[in-house]
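Working notes for the structure below.
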């Protein structure tokens, strides 16, 4: 018998399952995250957070009985200063995922469309459906966003185009000149959401000038995150860069106090820790080279990455391989929900983690 809640729910939520991203070492709470697991499934920074961020958190613990600054003035001013913008160009979010949701709530609704790559970050499609809009999926080309094909799918109903750069789960980037040409040719009324959660791992030559778009008042919203290279995934904090009239709308939609005291303090400290960023990049590049070589020795195809994870084709049921790796204490991400049934996504870890993963993968592929 249907419940009163099921009868009353928004029609756009019907058929949308709860977001569940289980990890094998957490199933049923039987084993602690601190156990002897190699955790390469969620694109976290194996180096951990900045020591300056940890110190900043410790310094504000005594004040957590007070509400945070609702506007996030200090962090917005520091980010704006680094970017050469004003604080009016910056919005803060409970992770960049909240900002994706807020953008969908601001600009999408019944009768509108949003274009995205396929495969791309699964959360894009969820927020589009929850907003009552129509999702338009455009297949990737050589594992990269096909901006020409996406432009051809724009109609009078199109309100947003989602571009993950680098794209999750493929790790691929679109060259800046292609993004610039795409934005220049946009018809009026279409907004580009440029998800740059992994930007700090991207080589300088592949980074689009999203700050310029904000200065020029272009219909572009760039999202960045403290969850990846900054190592603050557990605190949930990210930010948007856009023209001030767009930021004002996002601020209308967000909840008050959406960024907590600890997250704000940690981000404010982490953003200036150049040594931590340099060390994180070096660790990632070394791990990338090791994994590339190991995949080539195993004769496995992979997608060259501009992020901190690699998509690799294991040429057999990917979910079975993920389960077999979990039995050996190694967690990686299956990609069946992205339509990539024989692949898996592996975070680039520290050297010991990468070595354990490859040893376990070699054993699984040999015995299966």
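In segment 241-351, counting only strands (runs of 3 or more DSSP E) that sit wholly within it, the ones holding 3 or more residues that are modelled with pLDDT of 95 or more and within 16 Å of residue 143 (Cβ to Cβ) span 301-303, 309-313, 343-347.
The residues of segment 284-308 that are closer than 18 Å to residue 353 by Cα, out of contact with any helix residue (DSSP H, G or I) (no Cβ under 8 Å at 6 or more places or on another chain) and surrounded by 15 or more Cβ atoms within 10 Å (Cβ to Cβ), listed by number, are 288, 292, 295. Considering only residues in segment 216-230 that are crowded, with 16+ Cβ neighbours inside 10 Å and more than 20 Å from residue 72 (Cα to Cα), the one that is farthest from the chain's Cα centre (by Cα) turns out to be 218.
The values are calculated or read from the model by the stated rules, or taken from the named source; none is laboratory data. Bear in mind the structure is a predicted one, so any value in this text is a computation, not a measurement. Please note: Cβ atoms are built from the backbone with ideal geometry, for glycine as well, and neighbour counts cover all protein chains shown.
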